[in-house]
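The values are calculated or read from the model by the stated rules, or taken from the named source; none is laboratory data. Values in this document were obtained by computation on a predicted structure and should not be read as measured data. No Cβ is skipped: glycine too gets one built from the backbone with ideal geometry, and neighbour counts run over all protein chains shown.
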Amino acid sequence: MAKKQEVVELGDKAQDAVTGLTGIVTSTSKNLFGCNRAYVQPQADKNQKIADGFWCDVDSLKVLKKSVVKGHAEIPELAKTGGPMSRVR
């Protein structure tokens, strides 16, 4: 029996099994015919230079640590941005 794949979520620190690159999952893409993908943004190096992020298959990602970065919805002061949609009721 195959082991169940851990769900990759926004803000998780993950490693791509194909390239070995690691970073924070900042975006996900759910496609009509499968092949769901995630955008992984590496952290800055010791010189504070930020490498380019990359798209990879969700199935090739291994979650190293859950919820390293919290999204806007999880931080109350950021959830209320005051944009035009905040006035729609």
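Scanning region 1-18 for residues that are loosely packed, with under 11 Cβ neighbours inside 10 Å and either modelled with pLDDT of 90 or more or touching an Asp or Glu at 6+ places or on another chain (Cβ under 8 Å) (or both) turns up just one, VAL18.
Residues in region 19-42 that are at pLDDT 90 or above, touching a strand residue (DSSP E or B) at 6+ places or on another chain (Cβ under 7 Å) and assigned to a loop (DSSP other than H, G, I, E, B): LEU21, ASN36, PRO42.
Scanning region 43-66 for residues that are out of contact with any Phe, Trp or Tyr (no Cβ under 8 Å at 6 or more places or on another chain) and either within 12 Å of THR22 (Cβ to Cβ) or at pLDDT below 85 (or both) turns up GLN43, ALA51, CYS56, LEU61, LYS62, VAL63, LEU64, LYS65. The number of residues in region 6-18 that are farther than 16 Å from LYS70 by Cβ, among the charged types (D, E, K, R) and part of a strand (DSSP E or B) comes to 1.
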